[in-house]
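Notes follow once the structure below has been shown.
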Amino acid sequence: MSNTSYTPAIGNAPFGNLNTNPQASQYAQISAYTPAEQILIAKAIKKAIFDAAPEQYNALKLLFAKPFEDVNLDEFEYLENTFGRSVIEALLASAAVPAVPLSQVLQTITLTATSMTRITPDLIIIYPNNQKAVIQSVGPGNTINVASQTSDSLPAVAPNDIFSIQSTITSDAMDYFSNYERMDVITRYNFVQFFLRAARWGRIELQKYENAGTTNYLVVDKEQKIKQLRIDMFNSFWNGQRGEFQISNGYIAKAMGGIYPTMVAAGSMSANPTLAGLRAAFETLAFQTNFKKEGATRFIYGTDEILYELSKVFKDPGLRYAPSDEIANLNLLQYKLGTMNFVPVPCELFRERSCFPADWARKIIVLDQETVTPVKMKGIPSFEMGSTLDKGSNGTREGFKDWWVGGQLSIRHDNPVASFWLDVQ
């Protein structure tokens, strides 16, 4: 067929810019316009696909920088020894006993059943007003019989009065031991959870993308699978509920327990302050959970917005946080409160409704990170990826290829009560 003949016209007819559009042009799809499309024009598609997800995921790097601990099974137990002493609590009232010069006076105190497991004879106890007495005998029932110091009185006791334990006491030439005890341990456990994300491509479909793809879609698609898997693990790290799920086709899977549910179950301290009360609540909980050595560091996780509000609590402008491990060098600031150090870590995923409930946008979690260890099952990598074979490989008859990325994660959270959280109203 001969070339098309035409007479140039004013404007765009019969050719010109109006009709010079690629196939499937966004402009040409608008019904109010009537431009033509040309097979000779390729769509202008940027080769690299832009990642629009937020970049404020430093918490991911910080939490997964610690080496994984191997366990032999997909469940594990770990033991915690307690502090070794607890307060004792009065159940009923007891009358005051006046002093008798050069003599001791006696008093019988009824305690709660729990308190009875914490006492033995020859313990010095401290009354709420700081007077002292020694336990001479235990029983009958939930009672203890105490004696004052020589020439001293004993104060009245009210229900719910709290007594501290000062010390044991012994004397020369005794032929018996009165204080027997054994260490108590708390048994904690968790499950290892396995994660998986995948994409399936028909053999011919995939080849077309590889032959004629206009962007780096295949590369970015794999990167997104990896990123989403890490976010799966991050979400479970923080908010996983330990238990069992029956998933598709009747399969049973174990779910890990995360930081926050573990803290709730362990009775970690918390508060629900308003912004006006944030400073007082933070300081109170910080000092009440200060079980670390002087100058040790705890990390504060929350959204950028709520950490900005918290920054107003600290009087100094903050110093650059300098961790001993350069992996965790994320240009974070460090604040001091008494002898304690706190490092705020922005965690914008807490406000992402596709990851956490709405109230997490106002949640502050103060974590003693040394007590948290990521755990995996021995013999299987913490992260792994690969692809299945299609019928062009090694004789298999399947006409598709699955690309997959998987992982496994659990945590061992020792002493959860060394951490606390705030739900800011």
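The values are calculated or read from the model by the stated rules, or taken from the named source; none is laboratory data. Predicted model only: the values in this text are computed from it and were never measured. Backbone-built Cβ (ideal geometry, glycine too); neighbour counts: all protein chains shown.
Just to be sure, is THR170 surrounded by fewer than 14 Cβ atoms within 10 Å (Cβ to Cβ), farther than 27 Å from LEU102 by Cα and either within 36 Å of the chain's Cα centre (by Cα) or at pLDDT 90 or above (or both)? Please lay out each step first, then the result.
On the way: surrounded by fewer than 14 Cβ atoms within 10 Å (Cβ to Cβ): yes; farther than 27 Å from LEU102 by Cα: no; either within 36 Å of the chain's Cα centre (by Cα) or at pLDDT 90 or above (or both): yes.
No; evaluated as a whole, the condition is false for this residue.
Residues that are farther than 26 Å from TYR176 by Cα and in contact with a Leu (Cβ under 9 Å, 6 or more places away or on another chain): list the strands (runs of 3 or more DSSP E) wholly contained in the range 113-159 that include at least 2 such residues. Lay out the reasoning, then the answer.
Working: elements: 123-126, 132-138, 143-148.
The strands (runs of 3 or more DSSP E) meeting that bar number zero.
Out of all the residues in the range 206-220, is one or more among the aromatic types (Phe, Trp, Tyr) and either outside the structural domain of ILE252 (by TED's automatic domain parsing) or without any contact (Cβ under 8 Å) to a residue 12 or more places away in the chain (or both)? Give the steps one after another, and end with the answer.
Taking the range 206-220 and keeping what is among the aromatic types (Phe, Trp, Tyr), we get 209, 217.
Retained after the next criterion (residues that are either outside the structural domain of ILE252 (by TED's automatic domain parsing) or without any contact (Cβ under 8 Å) to a residue 12 or more places away in the chain (or both)): 209.
Taking every residue of the range 206-220 in turn, at least one turns out to be among the aromatic types (Phe, Trp, Tyr) and either outside the structural domain of ILE252 (by TED's automatic domain parsing) or without any contact (Cβ under 8 Å) to a residue 12 or more places away in the chain (or both).
What number of residues within the range 173-203 satisfy the criterion of being more than 24 Å from the chain's Cα centre (by Cα) and part of a strand (DSSP E or B)? Before the answer, list the steps.
Just the residues of the range 173-203 that are more than 24 Å from the chain's Cα centre (by Cα), to begin with: 173-184, 198-203.
This time we only want the ones that are part of a strand (DSSP E or B), so: 198-202.
Matching residues across the range 173-203 total 5.
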Of those in the range 98-133 that are touching an Asp or Glu at 6+ places or on another chain (Cβ under 7 Å) and buried (at least 17 other Cβ atoms within 10 Å of the Cβ), the residue modelled with the highest pLDDT is LEU111
When you scan the range 294-303, do you find a residue that is buried (at least 17 other Cβ atoms within 10 Å of the Cβ) and in a loop (DSSP other than H, G, I, E, B), even just one?
yes
Taking the range 401-421 and keeping residues among the hydrophobic types (A, V, I, L, M, F, W, C) and either within 24 Å of LYS254 (Cα to Cα) or over 21 Å from the mean Cα position of the chain (by Cα) (or both) leaves TRP403, TRP404, VAL405, LEU409, ILE411
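Mind listing whichever residues of the range 173-200 are of a type in the set (S, T, N, Q) and either in contact with a helix residue (DSSP H, G or I) (Cβ under 8 Å, 6 or more places away or on another chain) or surrounded by 12 or more Cβ atoms within 10 Å (Cβ to Cβ) (or both)?
Hits for the range 173-200 are SER178, ASN179, ASN190, GLN193.
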Among strands (runs of 3 or more DSSP E) completely within the range 208-287, the ones holding 3 or more residues that are of a type in the set (A, V, I, L, M) are 252-255
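Within the range 71-97, take every residue that is closer than 30 Å to LYS254 by Cβ and acidic (Asp, Glu) and give me the one that is surrounded by the most Cβ atoms within 10 Å (Cβ to Cβ).
Restricting to residues being closer than 30 Å to LYS254 by Cβ and acidic (Asp, Glu), the top hit is ASP74.
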Going through the range 380-399 in order, the residues found to be surrounded by fewer than 15 Cβ atoms within 10 Å (Cβ to Cβ), touching a residue at least 40 places away in the same chain (Cβ under 8 Å) and not basic (Lys, Arg) are GLY392, GLY399
